[in-house]
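One structure is given here, and the rest of the page talks about it.
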Amino acid sequence: MFWYDNAIIYHIYPLGFCGAPTFNDDGPIEYRLDKIYEWIDHFKKLNITAVYFGPVFESVQHGYDTTDYTKIDRRLGDNESFKKICRTLHDNGIKIILDGVFNHVGRKFPKFVDIQQNGRNSAYCGWFQNLNFDGNSPCGDNFWYEGWNGHYNLVKLNLRNPEVSDYIINCVNFWIDEFDIDGIRFDAADCIDFDFFKRIRQFCKNKKHDFWLMGEIIHGDYKRWANNDMLDSVTNYECYKGLYSSHNDKNYFEIDYSINRQSGNYGIYKDVNLYTFVDNHDVNRLASTLNNPEHLKNVYTMLYTIPGIPSIYYGSEFGIHGRKENNSDDNLRPSLDINNIPDKNNSLLEHIIKLGRIYMAYPALRTGTYSTIIIRNQQILFKKQLGEQIIYIALNLEDKDFDFNFHSDVPNLVDVISGDKIYVDNYNASFKAKPFSSFIMVTDDIVNNIPDVQDNKIELEENKETEIIIGAKYRHFKGNMYEVIALAKHSETLEELVVYKALYGDGQVWVRPKSLFTNMAGNDRRFTLCNE
(Lines give C-alpha, C1' and ligand atoms only; values in the text may rest on other atoms or scores of the structure.)
Protein backbone atom coordinates (compact mmCIF):
# COMPACT_ATOMS: atom_id res chain seq x y z
CA MET A 1 0.00 0.00 0.00
CA PHE A 2 1.38 3.41 -0.99
CA TRP A 3 0.95 6.97 0.29
CA TYR A 4 -1.84 7.70 -2.17
CA ASP A 5 -4.00 4.88 -0.81
CA ASN A 6 -4.25 6.84 2.45
CA ALA A 7 -4.33 10.35 0.98
CA ILE A 8 -6.62 13.34 1.25
CA ILE A 9 -5.96 15.51 -1.81
CA TYR A 10 -6.46 19.26 -2.17
CA HIS A 11 -7.02 20.35 -5.78
CA ILE A 12 -6.04 23.86 -6.89
CA TYR A 13 -6.44 25.51 -10.28
CA PRO A 14 -3.39 27.80 -9.94
CA LEU A 15 -4.11 30.48 -12.56
CA GLY A 16 -7.55 31.13 -11.08
CA PHE A 17 -6.47 30.61 -7.46
CA CYS A 18 -3.78 33.26 -7.94
CA GLY A 19 -5.91 35.74 -9.91
CA ALA A 20 -3.54 35.60 -12.89
CA PRO A 21 -4.31 37.57 -16.08
CA THR A 22 -6.36 35.68 -18.64
CA PHE A 23 -3.60 35.77 -21.25
CA ASN A 24 0.14 35.31 -20.94
CA ASP A 25 1.65 38.41 -22.59
CA ASP A 26 5.27 37.28 -22.05
CA GLY A 27 5.66 40.11 -19.55
CA PRO A 28 7.68 40.12 -16.33
CA ILE A 29 7.53 37.15 -13.95
CA GLU A 30 4.95 37.55 -11.18
CA TYR A 31 5.28 35.35 -8.09
CA ARG A 32 1.56 34.93 -7.52
CA LEU A 33 1.75 31.25 -6.54
CA ASP A 34 3.76 32.18 -3.46
CA LYS A 35 0.40 32.84 -1.81
CA ILE A 36 0.33 29.06 -1.26
CA TYR A 37 2.46 29.59 1.86
CA GLU A 38 -0.48 31.31 3.54
CA TRP A 39 -2.59 28.19 2.99
CA ILE A 40 -0.28 25.55 4.47
CA ASP A 41 -1.73 25.79 7.99
CA HIS A 42 -5.17 25.42 6.44
CA PHE A 43 -4.05 22.28 4.58
CA LYS A 44 -2.78 20.82 7.82
CA LYS A 45 -6.04 21.55 9.64
CA LEU A 46 -7.82 19.66 6.88
CA ASN A 47 -5.33 16.77 7.18
CA ILE A 48 -4.38 17.27 3.53
CA THR A 49 -1.59 14.90 2.50
CA ALA A 50 -1.19 15.96 -1.15
CA VAL A 51 -1.79 19.09 -3.22
CA TYR A 52 -2.80 18.53 -6.83
CA PHE A 53 -1.88 21.60 -8.86
CA GLY A 54 -3.80 22.18 -12.08
CA PRO A 55 -1.65 23.38 -15.00
CA VAL A 56 1.50 25.24 -13.95
CA PHE A 57 3.56 24.96 -17.18
CA GLU A 58 4.07 28.03 -19.36
CA SER A 59 1.01 28.44 -21.55
CA VAL A 60 -0.91 30.85 -23.76
CA GLN A 61 -4.11 31.28 -21.76
CA HIS A 62 -5.72 28.75 -19.40
CA GLY A 63 -2.86 26.34 -18.79
CA TYR A 64 -4.12 23.60 -21.08
CA ASP A 65 -2.43 25.24 -24.08
CA THR A 66 1.18 24.59 -23.09
CA THR A 67 4.10 26.39 -24.71
CA ASP A 68 6.94 25.07 -22.52
CA TYR A 69 6.79 21.90 -20.43
CA THR A 70 9.96 22.79 -18.50
CA LYS A 71 9.00 26.20 -17.14
CA ILE A 72 6.54 27.48 -14.56
CA ASP A 73 4.08 29.91 -16.13
CA ARG A 74 5.48 33.42 -15.63
CA ARG A 75 2.09 34.52 -14.31
CA LEU A 76 2.68 32.19 -11.34
CA GLY A 77 6.43 32.47 -10.73
CA ASP A 78 9.55 30.74 -11.97
CA ASN A 79 11.22 27.38 -11.51
CA GLU A 80 13.22 28.48 -8.46
CA SER A 81 10.17 29.86 -6.66
CA PHE A 82 8.26 26.65 -7.37
CA LYS A 83 11.16 24.53 -6.10
CA LYS A 84 10.90 26.39 -2.82
CA ILE A 85 7.14 25.75 -2.74
CA CYS A 86 7.71 22.03 -3.32
CA ARG A 87 10.36 21.83 -0.61
CA THR A 88 8.13 23.64 1.87
CA LEU A 89 5.14 21.40 1.14
CA HIS A 90 7.32 18.32 1.51
CA ASP A 91 8.71 19.65 4.79
CA ASN A 92 5.10 19.84 5.99
CA GLY A 93 4.36 16.25 4.97
CA ILE A 94 2.42 17.20 1.83
CA LYS A 95 2.99 15.46 -1.53
CA ILE A 96 2.90 17.28 -4.89
CA ILE A 97 0.86 16.20 -7.92
CA LEU A 98 1.09 18.11 -11.21
CA ASP A 99 -1.37 18.29 -14.08
CA GLY A 100 0.25 16.64 -17.11
CA VAL A 101 -1.36 18.14 -20.19
CA PHE A 102 0.34 15.77 -22.61
CA ASN A 103 -2.43 15.16 -25.14
CA HIS A 104 -2.19 18.59 -26.77
CA VAL A 105 -0.25 21.86 -26.78
CA GLY A 106 -0.91 25.51 -27.54
CA ARG A 107 -0.37 27.06 -30.94
CA LYS A 108 2.70 28.90 -29.62
CA PHE A 109 4.44 25.63 -28.77
CA PRO A 110 7.87 26.10 -30.44
CA LYS A 111 7.78 22.91 -32.50
CA PHE A 112 4.38 23.84 -33.91
CA VAL A 113 5.65 27.35 -34.66
CA ASP A 114 8.52 25.72 -36.56
CA ILE A 115 5.99 24.06 -38.88
CA GLN A 116 4.21 27.39 -39.38
CA GLN A 117 7.54 28.90 -40.42
CA ASN A 118 9.12 26.04 -42.39
CA GLY A 119 6.16 24.04 -43.67
CA ARG A 120 7.02 20.66 -45.12
CA ASN A 121 10.71 21.26 -44.36
CA SER A 122 10.13 21.33 -40.60
CA ALA A 123 11.71 18.51 -38.63
CA TYR A 124 8.57 18.34 -36.50
CA CYS A 125 5.87 17.45 -39.02
CA GLY A 126 5.51 14.03 -37.38
CA TRP A 127 4.94 15.52 -33.94
CA PHE A 128 1.27 16.39 -34.44
CA GLN A 129 -1.79 14.26 -35.03
CA ASN A 130 -3.04 14.00 -38.63
CA LEU A 131 -0.96 16.95 -39.85
CA ASN A 132 -1.06 17.34 -43.65
CA PHE A 133 -0.54 20.03 -46.27
CA ASP A 134 -3.58 19.26 -48.40
CA GLY A 135 -5.73 21.99 -46.91
CA ASN A 136 -5.88 24.95 -44.56
CA SER A 137 -6.61 24.91 -40.84
CA PRO A 138 -9.57 26.86 -39.34
CA CYS A 139 -6.93 29.19 -37.87
CA GLY A 140 -5.55 30.17 -41.29
CA ASP A 141 -2.49 27.93 -41.51
CA ASN A 142 -1.57 26.55 -44.91
CA PHE A 143 -1.79 23.05 -43.50
CA TRP A 144 -4.35 21.04 -41.55
CA TYR A 145 -3.99 19.38 -38.15
CA GLU A 146 -6.18 17.76 -35.52
CA GLY A 147 -7.34 19.93 -32.64
CA TRP A 148 -8.40 18.32 -29.37
CA ASN A 149 -12.17 17.90 -29.31
CA GLY A 150 -12.51 20.34 -32.21
CA HIS A 151 -10.58 23.14 -30.43
CA TYR A 152 -7.88 24.26 -32.85
CA ASN A 153 -6.06 26.35 -30.26
CA LEU A 154 -5.23 22.95 -28.70
CA VAL A 155 -2.99 21.12 -31.15
CA LYS A 156 -3.09 17.35 -30.64
CA LEU A 157 0.28 15.66 -30.16
CA ASN A 158 1.16 12.41 -31.95
CA LEU A 159 2.19 10.28 -28.97
CA ARG A 160 2.75 7.29 -31.25
CA ASN A 161 5.85 9.09 -32.51
CA PRO A 162 8.75 7.84 -30.33
CA GLU A 163 10.37 11.29 -30.49
CA VAL A 164 7.28 12.85 -28.94
CA SER A 165 6.85 10.26 -26.20
CA ASP A 166 10.59 10.46 -25.44
CA TYR A 167 10.28 14.22 -25.17
CA ILE A 168 7.34 14.02 -22.75
CA ILE A 169 9.07 11.38 -20.62
CA ASN A 170 12.19 13.55 -20.47
CA CYS A 171 10.05 16.45 -19.27
CA VAL A 172 8.51 14.26 -16.55
CA ASN A 173 12.01 13.16 -15.57
CA PHE A 174 12.96 16.84 -15.24
CA TRP A 175 10.08 17.53 -12.83
CA ILE A 176 10.92 14.49 -10.72
CA ASP A 177 14.66 15.29 -10.59
CA GLU A 178 14.39 19.03 -10.07
CA PHE A 179 11.20 19.33 -8.01
CA ASP A 180 10.78 15.84 -6.51
CA ILE A 181 7.12 15.71 -7.54
CA ASP A 182 5.13 12.71 -6.34
CA GLY A 183 2.53 12.20 -9.05
CA ILE A 184 0.87 13.30 -12.27
CA ARG A 185 -2.75 13.73 -13.23
CA PHE A 186 -3.07 13.11 -16.98
CA ASP A 187 -5.46 15.52 -18.65
CA ALA A 188 -7.80 14.05 -21.29
CA ALA A 189 -6.48 10.56 -20.54
CA ASP A 190 -9.17 8.95 -22.68
CA CYS A 191 -7.50 10.49 -25.76
CA ILE A 192 -3.97 9.32 -24.96
CA ASP A 193 -2.38 6.28 -26.58
CA PHE A 194 -2.22 3.20 -24.33
CA ASP A 195 1.34 2.39 -25.35
CA PHE A 196 2.42 5.81 -24.12
CA PHE A 197 0.84 5.13 -20.71
CA LYS A 198 2.67 1.81 -20.52
CA ARG A 199 5.98 3.50 -21.29
CA ILE A 200 5.53 6.35 -18.84
CA ARG A 201 4.37 4.01 -16.07
CA GLN A 202 7.44 1.85 -16.42
CA PHE A 203 9.68 4.92 -16.41
CA CYS A 204 8.05 6.63 -13.42
CA LYS A 205 7.78 3.51 -11.25
CA ASN A 206 11.44 2.68 -11.90
CA LYS A 207 12.33 6.24 -11.03
CA LYS A 208 10.14 6.48 -7.93
CA HIS A 209 8.30 3.31 -6.90
CA ASP A 210 5.45 5.18 -5.19
CA PHE A 211 4.91 7.73 -7.97
CA TRP A 212 1.16 8.19 -8.55
CA LEU A 213 -0.34 8.13 -12.04
CA MET A 214 -3.97 9.29 -12.29
CA GLY A 215 -5.99 9.95 -15.42
CA GLU A 216 -8.96 12.14 -16.25
CA ILE A 217 -11.64 9.74 -17.49
CA ILE A 218 -15.28 10.80 -17.76
CA HIS A 219 -16.92 7.82 -19.49
CA GLY A 220 -16.05 4.22 -20.15
CA ASP A 221 -14.65 1.22 -18.32
CA TYR A 222 -12.17 2.66 -15.83
CA LYS A 223 -10.06 -0.53 -15.86
CA ARG A 224 -9.10 0.12 -19.46
CA TRP A 225 -6.84 2.83 -18.04
CA ALA A 226 -6.41 1.94 -14.36
CA ASN A 227 -4.57 -1.36 -14.27
CA ASN A 228 -1.15 -2.84 -13.50
CA ASP A 229 0.23 -1.84 -16.91
CA MET A 230 -0.92 1.78 -17.09
CA LEU A 231 -2.40 4.14 -14.49
CA ASP A 232 -2.92 3.73 -10.75
CA SER A 233 -6.25 5.56 -10.67
CA VAL A 234 -8.75 7.60 -12.67
CA THR A 235 -11.38 10.23 -11.89
CA ASN A 236 -14.58 8.63 -10.60
CA TYR A 237 -17.16 10.68 -12.51
CA GLU A 238 -19.80 8.00 -11.96
CA CYS A 239 -19.76 8.54 -8.19
CA TYR A 240 -19.27 12.30 -8.59
CA LYS A 241 -22.66 12.38 -10.31
CA GLY A 242 -24.21 9.93 -7.84
CA LEU A 243 -23.05 11.89 -4.80
CA TYR A 244 -24.98 15.03 -5.68
CA SER A 245 -27.91 13.57 -7.64
CA SER A 246 -28.76 10.96 -5.00
CA HIS A 247 -29.33 13.89 -2.63
CA ASN A 248 -31.10 16.10 -5.16
CA ASP A 249 -33.39 13.24 -6.22
CA LYS A 250 -33.73 11.91 -2.65
CA ASN A 251 -32.60 8.53 -3.86
CA TYR A 252 -29.73 6.87 -2.00
CA PHE A 253 -30.29 3.78 -4.13
CA GLU A 254 -28.41 5.53 -6.95
CA ILE A 255 -25.11 6.10 -5.14
CA ASP A 256 -25.35 2.76 -3.34
CA TYR A 257 -25.79 0.97 -6.66
CA SER A 258 -22.72 2.69 -8.12
CA ILE A 259 -20.55 1.92 -5.09
CA ASN A 260 -21.56 -1.74 -5.02
CA ARG A 261 -21.10 -2.02 -8.78
CA GLN A 262 -17.64 -0.56 -8.47
CA SER A 263 -16.31 -1.65 -5.08
CA GLY A 264 -18.66 -4.13 -3.43
CA ASN A 265 -17.80 -7.78 -2.82
CA TYR A 266 -18.15 -8.46 -6.55
CA GLY A 267 -17.33 -4.92 -7.71
CA ILE A 268 -15.63 -4.50 -11.05
CA TYR A 269 -13.17 -1.91 -9.67
CA LYS A 270 -12.64 -3.22 -6.15
CA ASP A 271 -8.90 -3.56 -6.82
CA VAL A 272 -8.60 0.05 -8.04
CA ASN A 273 -8.50 3.02 -5.67
CA LEU A 274 -10.44 5.61 -7.68
CA TYR A 275 -10.07 9.38 -7.29
CA THR A 276 -13.32 10.66 -5.74
CA PHE A 277 -14.55 14.25 -5.70
CA VAL A 278 -17.71 16.35 -5.44
CA ASP A 279 -16.61 19.20 -7.72
CA ASN A 280 -13.58 20.41 -9.67
CA HIS A 281 -12.37 23.06 -12.12
CA ASP A 282 -14.68 21.81 -14.90
CA VAL A 283 -18.02 21.43 -13.10
CA ASN A 284 -20.30 23.60 -10.99
CA ARG A 285 -19.42 23.97 -7.31
CA LEU A 286 -21.24 21.55 -5.02
CA ALA A 287 -22.93 24.40 -3.13
CA SER A 288 -24.39 25.58 -6.45
CA THR A 289 -25.39 22.06 -7.52
CA LEU A 290 -27.33 20.83 -4.50
CA ASN A 291 -31.01 21.74 -4.34
CA ASN A 292 -30.90 21.84 -0.55
CA PRO A 293 -27.85 23.36 1.19
CA GLU A 294 -28.69 21.27 4.27
CA HIS A 295 -27.31 18.29 2.34
CA LEU A 296 -23.77 19.67 2.04
CA LYS A 297 -22.47 17.93 5.15
CA ASN A 298 -24.00 14.60 4.18
CA VAL A 299 -22.35 14.70 0.77
CA TYR A 300 -18.94 15.33 2.32
CA THR A 301 -19.50 12.59 4.91
CA MET A 302 -20.09 10.23 2.00
CA LEU A 303 -17.04 11.51 0.12
CA TYR A 304 -14.83 10.62 3.09
CA THR A 305 -16.39 7.23 3.80
CA ILE A 306 -17.11 5.55 0.46
CA PRO A 307 -14.27 3.68 -1.30
CA GLY A 308 -11.78 5.92 -3.08
CA ILE A 309 -9.26 8.69 -2.54
CA PRO A 310 -11.14 11.84 -1.44
CA SER A 311 -10.28 15.21 -2.97
CA ILE A 312 -11.35 18.73 -1.98
CA TYR A 313 -11.50 21.42 -4.67
CA TYR A 314 -10.09 24.64 -3.31
CA GLY A 315 -12.67 26.83 -1.62
CA SER A 316 -15.49 24.30 -1.62
CA GLU A 317 -14.71 23.42 1.99
CA PHE A 318 -15.98 26.94 2.76
CA GLY A 319 -19.21 26.29 0.84
CA ILE A 320 -18.45 28.83 -1.91
CA HIS A 321 -20.70 28.94 -4.96
CA GLY A 322 -19.80 28.91 -8.65
CA ARG A 323 -21.55 28.06 -11.90
CA LYS A 324 -20.52 27.99 -15.53
CA GLU A 325 -21.95 31.03 -17.30
CA ASN A 326 -21.83 32.08 -20.95
CA ASN A 327 -19.67 29.05 -21.78
CA SER A 328 -17.02 30.27 -19.32
CA ASP A 329 -15.41 28.41 -16.41
CA ASP A 330 -14.16 31.58 -14.70
CA ASN A 331 -16.72 31.36 -11.88
CA LEU A 332 -15.43 27.88 -11.05
CA ARG A 333 -11.85 29.10 -10.71
CA PRO A 334 -11.85 32.22 -8.49
CA SER A 335 -8.96 33.93 -6.76
CA LEU A 336 -9.27 33.33 -3.02
CA ASP A 337 -7.73 35.06 -0.01
CA ILE A 338 -7.47 32.62 2.90
CA ASN A 339 -8.07 35.51 5.32
CA ASN A 340 -11.15 36.82 3.54
CA ILE A 341 -13.36 34.05 2.16
CA PRO A 342 -16.71 35.50 1.02
CA ASP A 343 -19.84 34.06 2.69
CA LYS A 344 -17.77 31.42 4.48
CA ASN A 345 -19.75 28.45 5.78
CA ASN A 346 -17.89 27.85 9.05
CA SER A 347 -20.11 24.95 10.06
CA LEU A 348 -19.28 23.07 6.86
CA LEU A 349 -15.58 23.85 7.26
CA GLU A 350 -15.50 22.47 10.80
CA HIS A 351 -17.37 19.36 9.62
CA ILE A 352 -14.80 18.72 6.87
CA ILE A 353 -11.91 19.34 9.28
CA LYS A 354 -13.37 16.70 11.58
CA LEU A 355 -13.96 14.31 8.70
CA GLY A 356 -10.27 14.62 7.86
CA ARG A 357 -9.28 13.72 11.41
CA ILE A 358 -11.67 10.77 11.43
CA TYR A 359 -10.43 9.58 8.02
CA MET A 360 -6.83 9.56 9.21
CA ALA A 361 -7.68 7.87 12.52
CA TYR A 362 -9.39 4.77 11.07
CA PRO A 363 -7.73 2.69 8.33
CA ALA A 364 -11.03 0.96 7.54
CA LEU A 365 -12.42 4.26 6.23
CA ARG A 366 -9.50 4.58 3.86
CA THR A 367 -9.14 1.07 2.48
CA GLY A 368 -11.86 -1.06 4.04
CA THR A 369 -14.49 -3.05 2.16
CA TYR A 370 -17.97 -1.60 1.61
CA SER A 371 -21.25 -3.38 2.33
CA THR A 372 -24.81 -2.05 2.52
CA ILE A 373 -26.90 -2.77 5.62
CA ILE A 374 -29.95 -0.49 5.24
CA ILE A 375 -30.95 1.29 2.05
CA ARG A 376 -34.02 3.51 1.59
CA ASN A 377 -34.71 6.49 -0.63
CA GLN A 378 -33.63 8.99 2.02
CA GLN A 379 -31.64 6.87 4.47
CA ILE A 380 -28.60 4.66 4.15
CA LEU A 381 -26.48 2.63 6.55
CA PHE A 382 -23.34 0.92 5.33
CA LYS A 383 -20.30 -0.75 6.83
CA LYS A 384 -16.58 -0.35 6.14
CA GLN A 385 -14.34 -3.14 7.40
CA LEU A 386 -10.60 -3.74 7.40
CA GLY A 387 -9.56 -6.81 9.33
CA GLU A 388 -11.20 -6.57 12.74
CA GLN A 389 -11.87 -2.83 12.47
CA ILE A 390 -15.54 -2.21 11.71
CA ILE A 391 -17.11 1.19 11.08
CA TYR A 392 -20.78 1.95 10.46
CA ILE A 393 -21.84 5.03 8.48
CA ALA A 394 -25.43 6.27 8.51
CA LEU A 395 -27.04 9.21 6.70
CA ASN A 396 -30.49 10.74 6.84
CA LEU A 397 -31.22 13.28 4.12
CA GLU A 398 -34.89 13.63 5.05
CA ASP A 399 -36.31 16.74 6.76
CA LYS A 400 -37.54 14.71 9.74
CA ASP A 401 -36.15 12.27 12.30
CA PHE A 402 -35.51 8.66 11.37
CA ASP A 403 -34.99 5.71 13.72
CA PHE A 404 -32.14 3.40 12.71
CA ASN A 405 -32.12 -0.17 14.07
CA PHE A 406 -29.56 -2.77 13.03
CA HIS A 407 -27.48 -5.72 14.20
CA SER A 408 -23.99 -4.61 15.24
CA ASP A 409 -20.94 -6.84 14.89
CA VAL A 410 -19.40 -5.14 17.95
CA PRO A 411 -20.82 -4.75 21.48
CA ASN A 412 -20.54 -0.97 21.78
CA LEU A 413 -20.51 2.02 19.45
CA VAL A 414 -19.91 5.75 19.54
CA ASP A 415 -20.57 8.34 16.81
CA VAL A 416 -17.23 10.10 16.29
CA ILE A 417 -18.86 13.03 14.49
CA SER A 418 -20.82 14.07 17.58
CA GLY A 419 -18.95 12.11 20.24
CA ASP A 420 -22.25 10.60 21.44
CA LYS A 421 -22.66 6.99 22.48
CA ILE A 422 -24.92 4.77 20.39
CA TYR A 423 -27.30 2.49 22.26
CA VAL A 424 -26.33 -1.17 21.76
CA ASP A 425 -28.13 -3.97 23.59
CA ASN A 426 -26.91 -7.51 23.00
CA TYR A 427 -25.41 -6.46 19.65
CA ASN A 428 -28.60 -4.69 18.53
CA ALA A 429 -27.95 -1.00 17.86
CA SER A 430 -30.56 1.75 17.66
CA PHE A 431 -30.46 5.53 17.46
CA LYS A 432 -32.50 8.49 16.25
CA ALA A 433 -31.06 10.42 13.32
CA LYS A 434 -32.04 14.05 13.16
CA PRO A 435 -32.90 15.63 9.77
CA PHE A 436 -29.96 16.04 7.38
CA SER A 437 -27.57 14.24 9.73
CA SER A 438 -24.75 11.76 9.33
CA PHE A 439 -23.00 9.33 11.70
CA ILE A 440 -19.66 7.52 11.70
CA MET A 441 -19.87 4.84 14.38
CA VAL A 442 -16.87 3.01 15.84
CA THR A 443 -15.96 1.10 18.99
CA ASP A 444 -12.98 3.28 19.89
CA ASP A 445 -13.39 7.06 19.82
CA ILE A 446 -9.81 8.24 19.33
CA VAL A 447 -10.95 11.51 17.74
CA ASN A 448 -12.95 13.18 20.48
CA ASN A 449 -10.91 11.81 23.38
CA ILE A 450 -7.66 13.39 22.22
CA PRO A 451 -7.35 17.07 23.24
CA ASP A 452 -7.21 19.67 20.50
CA VAL A 453 -4.35 22.14 20.67
CA GLN A 454 -3.47 25.25 18.71
CA ASP A 455 -3.88 24.99 14.90
CA ASN A 456 -5.92 21.79 15.37
CA LYS A 457 -2.93 19.47 15.71
CA ILE A 458 -3.38 16.39 17.86
CA GLU A 459 -0.94 16.23 20.76
CA LEU A 460 -0.78 12.98 22.70
CA GLU A 461 -0.07 13.32 26.41
CA GLU A 462 2.79 11.01 27.27
CA ASN A 463 1.72 9.55 30.60
CA LYS A 464 1.10 6.17 32.13
CA GLU A 465 -2.39 5.96 30.61
CA THR A 466 -1.15 6.30 27.00
CA GLU A 467 2.23 4.63 27.41
CA ILE A 468 2.68 1.18 25.94
CA ILE A 469 4.92 -1.14 27.95
CA ILE A 470 7.07 -3.42 25.82
CA GLY A 471 7.08 -6.91 27.28
CA ALA A 472 3.83 -6.35 29.17
CA LYS A 473 0.81 -8.59 28.83
CA TYR A 474 -2.50 -7.24 27.52
CA ARG A 475 -5.91 -8.89 27.53
CA HIS A 476 -8.16 -8.55 24.48
CA PHE A 477 -11.80 -7.77 25.26
CA LYS A 478 -12.70 -11.25 24.01
CA GLY A 479 -10.40 -12.77 26.64
CA ASN A 480 -7.23 -13.80 24.81
CA MET A 481 -3.81 -12.76 26.17
CA TYR A 482 -1.03 -11.07 24.18
CA GLU A 483 2.47 -9.74 24.81
CA VAL A 484 3.68 -6.43 23.32
CA ILE A 485 7.03 -6.96 21.58
CA ALA A 486 7.63 -3.61 19.82
CA LEU A 487 6.26 -0.20 18.82
CA ALA A 488 6.24 1.04 15.23
CA LYS A 489 4.92 3.70 12.87
CA HIS A 490 3.11 3.18 9.58
CA SER A 491 5.59 4.18 6.86
CA GLU A 492 3.02 6.21 4.91
CA THR A 493 0.49 7.56 7.42
CA LEU A 494 2.81 7.72 10.49
CA GLU A 495 0.02 6.14 12.52
CA GLU A 496 1.39 4.71 15.80
CA LEU A 497 1.25 0.92 15.86
CA VAL A 498 1.79 -1.85 18.40
CA VAL A 499 3.46 -5.14 17.44
CA TYR A 500 2.28 -7.99 19.67
CA LYS A 501 2.21 -11.78 19.79
CA ALA A 502 -0.43 -14.21 20.93
CA LEU A 503 0.21 -16.08 24.19
CA TYR A 504 -1.81 -19.02 22.96
CA GLY A 505 -1.80 -21.35 19.99
CA ASP A 506 1.19 -20.94 17.71
CA GLY A 507 2.06 -17.45 19.02
CA GLN A 508 1.20 -15.52 15.87
CA VAL A 509 2.50 -11.93 15.60
CA TRP A 510 0.08 -9.06 14.85
CA VAL A 511 0.14 -5.30 14.34
CA ARG A 512 -2.68 -2.96 15.40
CA PRO A 513 -3.16 0.77 16.10
CA LYS A 514 -1.76 2.01 19.40
CA SER A 515 -5.13 3.58 20.16
CA LEU A 516 -6.64 0.15 20.80
CA PHE A 517 -4.21 -0.38 23.69
CA THR A 518 -4.51 3.00 25.43
CA ASN A 519 -6.97 5.40 26.96
CA MET A 520 -7.09 7.24 23.63
CA ALA A 521 -9.89 4.81 22.93
CA GLY A 522 -11.75 5.71 26.13
CA ASN A 523 -13.76 2.92 27.76
CA ASP A 524 -14.07 1.15 24.41
CA ARG A 525 -10.45 0.18 23.96
CA ARG A 526 -9.88 -3.37 22.77
CA PHE A 527 -6.86 -4.25 25.01
CA THR A 528 -6.34 -3.84 28.76
CA LEU A 529 -2.98 -3.93 30.55
CA CYS A 530 -2.72 -6.91 32.90
CA ASN A 531 -1.00 -6.14 36.20
CA GLU A 532 -0.58 -9.73 37.37
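The values are calculated or read from the model by the stated rules, or taken from the named source; none is laboratory data. Remember, predicted model here, so these are calculated numbers, not experimental data. Quick reminder, even Gly has a Cβ in these numbers, built from the backbone with ideal geometry, and neighbours come from all protein chains shown. Ligands, DNA and RNA are stripped out before the accessible areas are found, and what is left, the full protein with its side chains, is counted by its heavy atoms. Shrake-Rupley method; radii C 1.70, N 1.55, O 1.52, S 1.80 Å.
Assorted remarks:
- Anchor Lys434: lysines whose Cα lies under 17 Å away (excluding residues fewer than 8 positions away in-chain): Lys250, Lys297, Lys400, Lys421
- The helix-based estimate of mean residue ellipticity at 222 nm for the chain, built from -39,500 (n - 2.57) per DSSP H run of four or more residues and divided by its residue count, is -7000 deg cm²/dmol to the nearest 500.
- Paramagnetic reach from Lys270 (point 7 Å along Cα→Cβ, amide N under 17 Å) across segment 203-235: 223
- Rounded to the nearest 20 debye, dipole of the chain from Cβ charges on Lys, Arg, Asp, Glu: 800 debye
- Global form of segment 112-196, assessed from the alpha-carbon gyration tensor, a/c cut-off 1.5: prolate
- Cα-Cα pairs of segment 49-103 separated by more than 13 Å (percent): 59 percent
- Taking the longest Cα principal axis of the chain as reference, the axis of helix 252-263 is set at about 80 degrees.
- Magnitude of the charge dipole for segment 329-436, about its Cα centre and with charges confined to Cβ atoms of Lys, Arg (+1) and Asp, Glu (-1), is about 240 debye.
- Where chymotrypsin sites (Phe, Trp or Tyr not before Pro) fall in DSSP loop in segment 43-141, at most 15 other Cβ within 10 Å: Phe133
- Dimensions (Å) - segment 277-392, Cα atoms, principal axes, largest first: 49, 32, 22
- About its Cα centre, segment 337-385 has a charge dipole of approximately 360 debye under the convention of +1 per Lys or Arg Cβ and -1 per Asp or Glu Cβ, with nothing else charged.
- Percent of alpha-carbon pairs separated by more than 12 Å within segment 198-245: 63 percent
- Under the simplified labelling scheme, the Asn340-Lys489 pair shows an inter-label distance of 3.9 nm, with each label point 7 Å from Cα along Cα→Cβ.
- For the pair Asp114 and Asp91, label points projected 7 Å from Cα toward Cβ lie 4.0 nm apart.
- Alpha-carbon centroid distance for the pair segment 7-32 / segment 366-401, whole angstrom: 39 Å
- Cα-based convex hull volume of the chain per residue, rounded to whole Å³: 161 Å³
- Relative to the longest principal axis of the Cα atoms of the chain, the long axis of helix 237-248 lies at roughly 60 degrees.
- Acute angle (nearest 10 degrees) that the helix 194-207 long axis makes with the longest principal axis of the chain, alpha-carbon atoms: 60 degrees
- Ranking Tyr124, Pro411, Pro55 by how far each Cα lies toward the positive end of the dipole of the chain (charges on Cβ) leaves Pro411 at the top.
- Separation of the Thr372 and Asp26 label points, Cα + 7 Å toward Cβ, nm: 5.9 nm
- Accessible area per residue for the chain, computed on protein heavy atoms with a 1.4 Å probe, is 43 Å².
- Protection proxy ranking for 401-414, 330-343, using the average of other Cβ atoms within 10 Å per residue and placing the highest first: 401-414, 330-343.
- Whole-percent carbon and sulfur share, accessible surface of the chain, 1.4 Å: 44 percent
- Here Lys344 is the anchor, and the aspartates and glutamates within straight C-alpha reach of less than 16 Å, apart from those fewer than 8 places off in the same chain, are Glu294, Glu317.
- Cross-link pairs exceeding 32 Å in C-alpha to C-alpha distance, out of Lys108/Lys270; Lys84/Lys489; Lys111/Lys270, comprise Lys108/Lys270; Lys111/Lys270.
- Charge dipole of segment 236-376 about the Cα centre (unit charges at C-beta), most positive-ward option of Met302, Gly267, His281: Gly267
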